[in-house]
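So the structure is just underneath, and the comments pick up after that.
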Amino acid sequence: MTKHFMKLLLLMVVLGAGSGLHAGESEVTPDARKVLKKASSDLLKQAQKAGFTTRLSVAGGMANNADHKIVDQAVGEAYFGRTRGPVMFLPERQIFRTPTKGAQFTGEIWRVLQATADGKKLDRLFAFPERVLLEASKKATKVEWLDSKVAPKIVKKEKAKGRTSVGGSEHEEKVFHRMRVTLPSEMALKYFIDMQNSGCLSGG
C-alpha cells in the first residue's frame, strides 16, 4: 500500500509542477528521469518564491490484488495545505507545521502536533511534496512514462514563402505528463513501518 501511495503522490506533484511536455519539442520521447529531476527543482523554487497548495486524499487498508485496490478500508483522510518555504499551513485544521515540528490550535490552546493521534497520523500520511519529490529524484530505481489521458495536441506547421506563410500541414504532438516512479524496497519498508507505528493501519 505504501509504495502505491508514494507513486500516486509523486504523480500528483509532477503534474502540479507543470512538467507536461509535447513530443514535438524534442522529436523524441523526453527522458523521464531528467523531467523528474527538473520537476523536483522547479517545485523547490516555487516553494521558496511564491509557495503552492496541495490537496491529498488518502484511502488506506488491506489489498490483495496487484492493482492495490483496497478491499478492507481502515483509513480515509483528506488534507489541504499551503506551503511556503519550510512551513505548511492547514487552514481547515488550524495547523502550522515544518518537516520536524508542528502545532495545532484547538480553539482554546496551541498543542504540539506530534502529541496528538491526529497529528501523528498527519505526519505519516501527508509528507511535504517537494521533499518527497526530491528524494524520489535522487533514489528512484525506475522512472517511466504512463499513457496520457489527454488527447494529442494538433499542431499546424506553416510553410514560409517570402514574408507570408501559406499552406502548411497538421500533425499530432503526444503529451507526456504522467509518470510512474518506483522507489527502492527499503524505502517502501521504512514508510510502511512509519504508518504502522502511527496506528493508521488499525484505524487509530
query: For the peptides 188-195, 175-182, 36-43, what is the packing order when you average, over each peptide's residues, the other Cβ atoms within 10 Å and list the highest mean first?
result: 36-43, 175-182, 188-195
Cα→Cβ-extended label distance, 7 Å offset, between Val28 and Arg93, nm: 4.5
- request: Take the alpha carbon gyration tensor of segment 59-122, find the square roots of its eigenvalues, order them as a ≥ b ≥ c, and report rounded if a/c is under 1.5; if not, report prolate when a/b exceeds b/c, else oblate.
  value: prolate
message: If I take every Cα pair under 8 Å that is 6 or more residues apart in segment 67-156, average their sequence separation and divide by the length, what percent do I get for the relative contact order?
response: 11
- request: Tell me the GluC sites (Glu not before Pro) within segment 26-93 that lie in a loop according to DSSP and have at most 14 other beta-carbon atoms within 10 Å.
  value: Glu27, Glu92
message: What does the extension gain come out to for Ser169 and Arg111, with contour length at 0.36 nm per residue minus their alpha carbon separation?
response: 14.5 nm
statement: Surpassing 24 Å at the alpha-carbon level, of the pairs Lys45/Lys138; Lys49/Lys139; Lys45/Lys139; Lys45/Lys101; Lys38/Lys149, are Lys49/Lys139
- prompt: Leaving out same-chain residues fewer than 8 places away, which lysines sit with a Cα under 16 Å from that of Lys153?
  reply: Lys174
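No value in this document is a laboratory result; all are computed from the given coordinates. Here the structure is a predicted model, which means the values were calculated and not measured. FYI the Cβ positions are ideal-geometry reconstructions off the backbone, even for glycines, and counts take in every protein chain you see.
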